[in-house]
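What follows is a short report on a single structure.
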Amino acid sequence: MSSPLPRVVQLPQTPERVIPAGATLPGKVGRTRFEPDEFFGEQRSSSSALPNPRPLVENLTRCVIEILAGARDLEQVARWVTDDVYRHLLKRTVLSARARQAKGQSPTRPTFTLGSTVICEPADGIVEAVVVVRGRARTRAVAIRLEGLDSRWRATAINVL
C-alpha cells in the first residue's frame with residue numbers, strides 16, 4: 001500500500017510592500033527598552049511618606065563618631081547608608097585604626113555631646129543636615145545627606161569635618 005502524497009496547496013501571491021528609507025517598522029514604534037532598574041532598582045520616596053529625619057540624623061552622627069573612634073562596628077550602620085558611604089567610612093575607619101596603632105592607643109568610647117542640628121530640605125525626598133559635636137579636645141561638624149529610597153531614609157553622603 002502506498003500512502004498518498006500530501007497535496008501541495010499554492011497560496012496566492014501578495015504584492016510586496018515597499019518600506020520607505022528611514023521609516024520604522026510598525027511593531028517597533030510603541031515599544032520602549034526594558035530598564036530593570038526602573039522595576040528592581042532603588043525607588044525614590046517622597047518626604048511626606050517618610051518619618052521625621054531628625055532622630056536618624058542624630059543617631060547616625062553618634063554612630064559615625066563612635067565608629068571612627070573604634071568603639072562601634074561599621075556593620076551596625078550598613079542598613080542606613082549607601083554602598084559608597086559604607087566604603088568611605090570603611091576607609092576612614094582603617095586610617096583611624098592605623099593612627100591609633102601607631103600611637104599605641106586602644107579604642108575607647110569617645111565622650112561627646114551633640115550640639116545644634118540644622119536640617120534643610122533642598123528637594124522632595126532629600127534632606128541635608130549638619131550636626132555640631134562637642135568633645136573634650138575639639139568641636140567637630142558632621143554633614144549628612146539623606147535621600148528617601150525604598151520607603152526609608154538612607155545616607156548618601158556623610159562627612160566628618
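The numbers here are math on the coordinates, done by the rules we state, and not lab data. Here the structure is a predicted model, which means the values were calculated and not measured. A quick note on method: Cβ atoms are made from the backbone with ideal geometry, for glycine too, and the neighbour counts reach across all protein chains shown.
Give me the extension gain from Q105 to I119: residue separation times 0.36 nm, minus the current Cα-Cα distance, reported in nm with one decimal.
So the chain would gain 1.5 nm between Q105 and I119.
List the residues, sorted by chain then number, that are 5 or more residues from R72 or on another chain and whose placed amide H is less than 5 Å from its amide H.
Hits under the 5 Å cutoff: I67.
With a Förster radius of 30 Å, plug the Cβ-Cβ distance of V132 and R152 into 1/(1 + (r/R0)^6) and report the FRET value to the nearest 0.05.
0.70
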